[in-house]
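Participant: The structure is given below, and queries will be raised subsequently.
The values are calculated or read from the model by the stated rules, or taken from the named source; none is laboratory data. This structure is a prediction, so every number in the text was calculated from the model and none was measured. Because the Cβ atoms are built from the backbone with ideal geometry, glycine has one as well, and the counts that use them run over all protein chains shown. To get the accessible areas, we keep the full protein, side chains included, count just its heavy atoms, and leave off ligands, DNA and RNA. Shrake-Rupley method; radii C 1.70, N 1.55, O 1.52, S 1.80 Å.
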Amino acid sequence: GGGSCGAVLPSLSMLLLLLTNLLCHPTTPSRPRLRARGHRSLLCQGDVAILYRGTRGKLFSSRPSRACERNGLLRGNSGDRSEGVSASLRRSWYSPADSGKKDGDIRRMTLHEERIPGPIEGQIQVRVRAVGLNFADVFSVLGLYKATPRPGTPGYSDSLGFIPGLEFSGTVERIGPGENANDLKIGDKVMGVTRFGALTSIINCEKTLVRRIPKEWSFEQGAACMVQGLTAIYGLCSLAHLQKGDSVLVSSGAGGVGSFAIKIAQHFNATIVTTVGNQAKKKFLLESFPWLRDEQVIVRDSRPESFRVQLHDSLKACGITEGFDIAMDAVGGRFFKPVYDSLARGGRLITFGSADFTPKKDTIEWPKLVWRYLRRTKIDPLSLPSENKGIIGFNLIWMFDRAEKLQPVLDSFLNMNLSPPHVGSTFEFGRADDAIREFKSGGTMGKVVVLCDGKGDDAMADIP
């Protein structure tokens, strides 16, 4: 599949709460899929006034809170709420998933039309052309992601939920007041990251983690770059301190993060071994990276002990006498311990996901998930000094508000001038829920991208 951004499992207490809800309320029906039908709406700092029709044609209404109206948040721009501001009509996908309930369900995603005001100081407004999917989107829609916006937090609407999506590409439409640190101009083709909210046709975002798309790249490639590239270089260089000549194990090499990790490791002349889930992905990697040899690409055996033997044989075939200096792992689960055991003295295991726990259906099979969670591998911290190994976990999304830390990392990645990412699948904007299903299946190669052509998102009159 594509990239990951710390798609991690919930805590044990959360799983037990969810299982309790399941047993106590087993017949709760899912909500009908609702879509806006050309009716105007208002966006107000996470509260949306919108008209939409249900499956039987009945017209429903959700109004903005009085607090929003009282505080003047429906008006103003550039820090001045006393003047009207030109708003734009946009289309956005919402998910009502909440980790405190059992109703995480891709089928409950809904597409809405709403108004968005202009950017405030420090922001730009981008007309989105493409959105890249990550495992964080899958886990958040299913209600299994701690970093998902929650009630009472920015980016959450009490009536609709939150907008998935961490990365996007598009063109700059408007620039908020204040210093333009990136020297961006209206009309520039850009790519950026955001802490959710990207699965929309127009977005207001901070300038700090937005960059121009390389001239030879498409919008789709731009939307497939930022989260994957940042994840790969942050894990390999900032945390694992990759050095020239290191031996590196990359899990899911055919995915977005995996392919960038291979490119970065190659940049450092590292000896690389990578794992994939099937023969088709191995064939894809050998064609994408002709310098890789057959023994450097492992098709993971589903049995942990057999996978352990595969790693040992690959190390031997590659002339690596002791073990891997670095392992980049987003699969986890039953494959975690064999990867850990394959590390050399001083080896670092960088874990940033748990794709092995990804549910196969639109909803979650809680008994099966809880059972696997309770039986997961555990490493005793007291054993780490004697084994002389390290485990570092990270979730990049928790760093998005620390731009001063990520900007140098991002720029160093872009300055490597690596080849553009491979886009394996594209979906029209109206099929974003199907795109998440396809991505979740684990059968994709490269990045899964949702396309948004911006049609029908015409500028609206000033908000009264």
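Participant: Pop out the carbon and sulfur fraction of the accessible area of the range 258-378 as a percent, whole number, probe 1.4 Å.
Facilitator: 51 percent
Participant: Here is the link list: LYS337/LYS440; LYS244/LYS316; LYS337/LYS378. Which ones come out longer than 18 Å on Cα distance?
Facilitator: LYS337/LYS440; LYS244/LYS316
Participant: Computed over the Cα atoms of the range 318-441, what is the ratio Rg over Rh, Rh following Kirkwood?
Facilitator: 1.03
Participant: Counting C-alpha atoms alone, how compact is the range 158-212: give Rg to one decimal and Dmax as a whole number, in angstrom.
Facilitator: 11.9, 37
Participant: Could you look at the range 107-218 and say what percent of its accessible area is carbon and sulfur, using a 1.4 Å probe and all protein chains?
Facilitator: 50 percent
Participant: Please get the size of the charge dipole for the range 230-372, origin at its Cα centre, with Cβ charges of +1 on Lys and Arg and -1 on Asp and Glu, quoted in debye to the nearest 20.
Facilitator: Approximately 220 debye in magnitude.
Participant: Under a 1.4 Å probe, what is the accessible area of the range 215-353 per residue, stated in Å²?
Facilitator: Computed with neighbouring chains in place, this is 37 Å² per residue.
Participant: Going by average Cβ neighbours within 10 Å, how do the peptides 414-421, 337-344 rank, with the highest at the top? Please list the in-between numbers first.
Facilitator: On the way: 414-421: 14.6, 337-344: 19.9.
Highest mean packing first, the order is 337-344, 414-421.
Participant: Let me know the charge dipole size of the range 209-299 about its Cα centre in debye, to the nearest 20, where only the beta-carbon of Lys, Arg (+1) and Asp, Glu (-1) is charged. Present the calculation step by step, with values, prior to reporting the outcome.
Facilitator: Working: 9 positive and 6 negative charges, 36 e Å.
Dipole size: approximately 180 debye.
Participant: With the cut-off at 26 Å, report for the range 248-402 the share of all Cα pairs above it, as a whole percent. Before the final figure, lay out each step's value.
Facilitator: Details: 3225 of 11935 pairs.
So the portion of pairs separated by more than 26 Å is 27 percent.
Participant: Quick check: pseudo-label points 7 Å beyond the Cα along Cα→Cβ at ASP380 and ILE186, how many nm apart are they?
Facilitator: 6.6 nm
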